[in-house]
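Participant: This structure is in structure tokens; I'll ask about it shortly.
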Amino acid sequence: MITTYKAAPDIDVLTSSFPVPGFGLIPINAFVLHAAEPVLIDTGAVVESEDFMTALRSVIDPADLRWIWLTHTDFDHIGSLHRLLAENPQIRVITTFLGVGIMGLSAPLPMDRVHLVNPGQTISVGDRTLKAVRPPAFDNPITTGLHDDRSGALFSADCFGALLADVPQSAEDLSDDELHQGQVFWATVDSPWLHAVDRAFLAKSLNEIRELHPTLVLSSHLPAASGASLERLLSSLEAVPAAPPFVGPDQAALEQMLGAMTGSAPQ
Ligand SMILES: [Fe+2]
Ligand SMILES: [Fe+2]
């Protein structure tokens, strides 16, 4: 089920929690930025498109949207993309050259409806300027987050996500330990290359986020966090290279899980 809440007077969050058996819950967020030219940031999971559209209609008339900022093309971000493009011919999709290329392999984006950005570039949406930001952690080279100069919010795509036992509405409701453990674990899953990254390079990219002084950090996979939590968020990522690498359950573990669910012993 997708629910909504306000992270700021001009920002609605559309959120659901996806269970990862044995590991916890991962929030999946999209955002409506009520700019003069309204922007939808990501479009939910493919499996939840119906629910997503209902939740979206509760916070904005989709006919009013002018932009979809696609942080990247993973299945938890493109769920209602084509439905919205078909429903509202005014929407243009902000993405990267690689984003257009990857979508071309499954559901092509019409070229007259895309607007390409690279990290560091900006786009005006009427009453504010959005700056494309490459987050310090990501699972897909298409990824661009964004910083809104009016609200001060940083939309960080998958970066700063966390696997959690429960998903509160605000990251401030998580203890330091819950946030740290959840974030470190998620980063080892989503950005396993962080184990091989040069620590000075990582520190530099974390500092670039610090220097944005975001008032809010809105990750696709974490409850809304205020700027006051920024140092907690950054220090978790700094710890990832030293954390144990994620190794997924293998076939024996899967059979054990299935046996526990059905009450039968593994073969
Ligand atoms: Fe992703
Ligand atoms: Fe994601």
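The values are calculated or read from the model by the stated rules, or taken from the named source; none is laboratory data. These numbers were taken from a predicted model, which means no experiment stands behind them. A quick note on method: Cβ atoms are made from the backbone with ideal geometry, for glycine too, and the neighbour counts reach across all protein chains shown. Ligands, DNA and RNA are stripped out before the accessible areas are found, and what is left, the full protein with its side chains, is counted by its heavy atoms. Shrake-Rupley method; radii C 1.70, N 1.55, O 1.52, S 1.80 Å.
Participant: Need at least 1 residues that are under 23 Å from LYS131 (Cα atoms), within 16 Å of ligand 1 (Cβ to nearest atom) and open to solvent by less than 70 Å² (accessible area, probe 1.4 Å) per element, so show me which strands (runs of 3 or more DSSP E) inside the range 38-119 make the cut, counting only ones lying wholly within it.
Facilitator: Counting at least 1 such residues, we get 39-41, 67-69, 92-95.
Participant: Quick test for you: out of LEU130, LEU154, pick the one residue that is closer than 14 Å to TRP69 by Cβ, more than 15 Å from ligand 2 (Cβ to nearest atom) and touching a Gly at 6+ places or on another chain (Cβ under 7 Å).
Facilitator: LEU154
Participant: Now a separate question. Within the range 179-219, work out how many residues are out of contact with any Phe, Trp or Tyr (no Cβ under 9 Å at 6 or more places or on another chain) and of a type in the set (Gly, Ala, Ser).
Facilitator: So the answer is 5.
Participant: Here is a follow-up. Could you check the range 154-173 and list, in sequence order, the residues that are open to solvent by less than 10 Å² (accessible area, probe 1.4 Å) and either in contact with a Cys (Cβ under 7 Å, 6 or more places away or on another chain) or not in a helix (DSSP H, G or I) (or both)?
Facilitator: LEU154, PHE155, SER156, ALA157, ASP158, CYS159, PHE160, GLY161, ALA162, LEU164
Participant: Which pairs turn up if I take residues in the range 204-229 that are over 16 Å from ASP149 (Cα atoms) and away from ligand 1 (no atom under 16 Å from the Cβ) and look for partners that are of a type in the set (Ser, Thr, Tyr) and open to solvent by 10 Å² or more (accessible area, probe 1.4 Å) with beta carbon separation below 6 Å, at least 6 apart in sequence or on another chain?
Facilitator: PRO223/SER170; ALA224/SER170
Participant: Okay, next question. Which pairs turn up if I take residues in the range 92-110 that are basic (Lys, Arg) and look for partners that are crowded, with 16+ Cβ neighbours inside 10 Å with beta carbon separation below 8 Å, at least 6 apart in sequence or on another chain?
Facilitator: ARG92/ARG66; ARG92/TRP67; ARG92/ILE68; ARG92/VAL114
Participant: Right, next: In the range 190-233, what residues are open to solvent by 60 Å² or more (accessible area, probe 1.4 Å) and either closer than 19 Å to TYR5 by Cα or part of a helix (DSSP H, G or I) (or both)?
Facilitator: Hits for the range 190-233 are PRO192, TRP193, ALA196, ARG199, ALA200, PHE201, LYS204, GLU208, ARG210, THR215, ALA228, GLU231.
Participant: Filter the range 234-254 down to residues that are within 22 Å of LEU164 (Cβ to Cβ) and in a loop (DSSP other than H, G, I, E, B), then give me how many there are.
Facilitator: Here the count works out to 7.
Participant: Can you tell me which residues in the range 141-153 are under 16 Å from ILE94 (Cα atoms) and either open to solvent by 10 Å² or more (accessible area, probe 1.4 Å) or outside any loop (DSSP other than H, G, I, E, B) (or both)?
Facilitator: Answer for the range 141-153, where residues must be under 16 Å from ILE94 (Cα atoms) and either open to solvent by 10 Å² or more (accessible area, probe 1.4 Å) or outside any loop (DSSP other than H, G, I, E, B) (or both): PRO141, GLY145, LEU146, HIS147, ASP148.
Participant: Would you mind telling me which numbered condition in (1) within 21 Å of ASP42 (Cβ to Cβ); (2) within 16 Å of ligand 2 (Cβ to nearest atom); (3) out of contact with any Cys (no Cβ under 9 Å at 6 or more places or on another chain) THR188 fails?
Facilitator: Checking THR188 against (1) within 21 Å of ASP42 (Cβ to Cβ); (2) within 16 Å of ligand 2 (Cβ to nearest atom); (3) out of contact with any Cys (no Cβ under 9 Å at 6 or more places or on another chain), the one that fails is (1).
Participant: Quick one: in the range 120-130, of everything that is part of a loop (DSSP other than H, G, I, E, B) and open to solvent by less than 80 Å² (accessible area, probe 1.4 Å), which residue is nearest to PRO141 (Cα to Cα)?
Facilitator: This residue is GLY120.
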